[in-house]
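Chemist: The structure follows.
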Amino acid sequence: MSSTDSINKIVSMLITIGAAQFLFMMHIAEFLFPSYSVSNNYISDLGAMCRGGVCIIYQPSSMIFNFSIVILGIMITLSSYYIYKLFRSFALTSVVFLAGVGSIGVGVFPETYGVLHTISSIITFIPASFIPLVASFVIRDSFFRIFSVAMSTLSIISLALFISRNDLGLGIGGIERLIVYPILFWALFFGGYVLRHK
């Protein structure tokens with residue numbers, strides 16, 4: 001097995017497992033959170049829900065969500081090193097690394113930490129929404145390149161709407177998911193693509 005093949009497998013494993021476990025665990029946390037609304041609740045409410053200075057933490061939802069997003073962040077951050085070795089793209093490596101570090105911060109600093117949580121969310125959302133777009137410059141498969149641009153565009157537009165508090169009737173949680181889901185779905189496809197990359 002060549003060194004490139006080994007790197008491909010490491011990147012695929014880190015990205016795919018990281019994204020898949022977070023998707024799964026986030027839904028488990030939602031199921032266990034009393035009266036949780038995917039439309040009206042922020043995703044981060046699963047870790048700690050703070051409104052008007054009052055914070056409520058539901059267990060085991062909080063533990064599951066915070067642990068899962070930290071694991072996601074660690075795996076994404078680690079993958080950035082191997083992504084650089086594979087594609088030699090500083091831009092792609094940077095946005096992947098920042099998104100990973102931000103994800104760790106979201107789990108380590110839930111809403112109870114106020115501004116630290118906000119900063120961590122910003123560090124996660126902005127770079128993450130650009131990852132597929134930046135990756136499209138090193139992706140050789142034309143269909144996956146188009147898919148990458150489409151997922152990034154959807155995420156970036158949703159992020160702009162989220163920041164401007166225009167939820168298109170989906171609720172703040174709904175529009176937030178349109179930032180996150182395209183990136184997670186793209187990551188699962190990217191994990192498969194990397195295995196075929198030469």
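Chemist: When both residues are 6+ apart or on different chains and their Cβ atoms are under 8 Å apart, which pairs have a first residue that lies in region 171-189 and is more than 15 Å from residue 125 (Cβ to Cβ) and of a type in the set (Gly, Ala, Ser), and a second that is part of a helix (DSSP H, G or I) and open to solvent by less than 10 Å² (accessible area, probe 1.4 Å)?
Modeler: Close Cβ pairs satisfying both conditions: none exist.
Chemist: Please go through region 1-20 and pick out each residue that is within 26 Å of residue 62 (Cβ to Cβ) and either among the aromatic types (Phe, Trp, Tyr) or open to solvent by 40 Å² or more (accessible area, probe 1.4 Å) (or both).
Modeler: Residues of region 1-20 that are within 26 Å of residue 62 (Cβ to Cβ), as a first pass: 14-20.
Of everything in region 1-20, those that are within 26 Å of residue 62 (Cβ to Cβ) and either among the aromatic types (Phe, Trp, Tyr) or open to solvent by 40 Å² or more (accessible area, probe 1.4 Å) (or both) turn out to be 16, 17, 20.
Chemist: Does region 14-31 include one or more residues that are more than 18 Å from residue 103 (Cα to Cα) and among the aromatic types (Phe, Trp, Tyr)?
Modeler: yes
Matching residues to (1) surrounded by fewer than 21 Cβ atoms within 10 Å (Cβ to Cβ); (2) among the small types (Gly, Ala, Ser); (3) not in a helix (DSSP H, G or I):
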site	(1), (2), (3)
123	yes, no, no
137	yes, no, yes
144	yes, no, no
151	no, no, no
167	yes, no, yes
182	no, no, no
187	no, yes, no
190	no, no, no
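Chemist: Among the numbered criteria (1) open to solvent by less than 40 Å² (accessible area, probe 1.4 Å); (2) among the aliphatic types (A, V, I, L, M); (3) closer than 20 Å to residue 46 by Cβ, which one does residue 116 miss?
Modeler: So the condition that residue 116 fails would be (1).
Chemist: When you look at residue 100, is it within 17 Å of the chain's Cα centre (by Cα) and among the small types (Gly, Ala, Ser), yes or no?
Modeler: Working: within 17 Å of the chain's Cα centre (by Cα): yes; among the small types (Gly, Ala, Ser): yes.
Yes: the conditions hold for residue 100.
Chemist: Sort through 82, 36 and tell me the only one that's surrounded by 17 or more Cβ atoms within 10 Å (Cβ to Cβ) and more than 20 Å from the chain's Cα centre (by Cα). Before the answer, list the steps.
Modeler: Numbers: 82 fails: more than 20 Å from the chain's Cα centre (by Cα).
That would be 36, the only listed residue that is surrounded by 17 or more Cβ atoms within 10 Å (Cβ to Cβ) and more than 20 Å from the chain's Cα centre (by Cα).
Chemist: Right, next: Out of curiosity, is residue 65 modelled with pLDDT of 95 or more and either open to solvent by 30 Å² or more (accessible area, probe 1.4 Å) or in contact with a strand residue (DSSP E or B) (Cβ under 8 Å, 6 or more places away or on another chain) (or both)? Give the derivation first.
Modeler: On the way: modelled with pLDDT of 95 or more: yes; either open to solvent by 30 Å² or more (accessible area, probe 1.4 Å) or in contact with a strand residue (DSSP E or B) (Cβ under 8 Å, 6 or more places away or on another chain) (or both): no.
Criteria not met by residue 65.
The values are calculated or read from the model by the stated rules, or taken from the named source; none is laboratory data. Since we're looking at a predicted model, the values are computed, not measured. Neighbour counts are summed over all protein chains in view; Cβ atoms, including those assigned to glycine, are modelled from backbone coordinates with ideal geometry. These area figures cover heavy atoms from the full protein model, side chains too; ligands, DNA and RNA do not enter into them. Shrake-Rupley method; radii C 1.70, N 1.55, O 1.52, S 1.80 Å.
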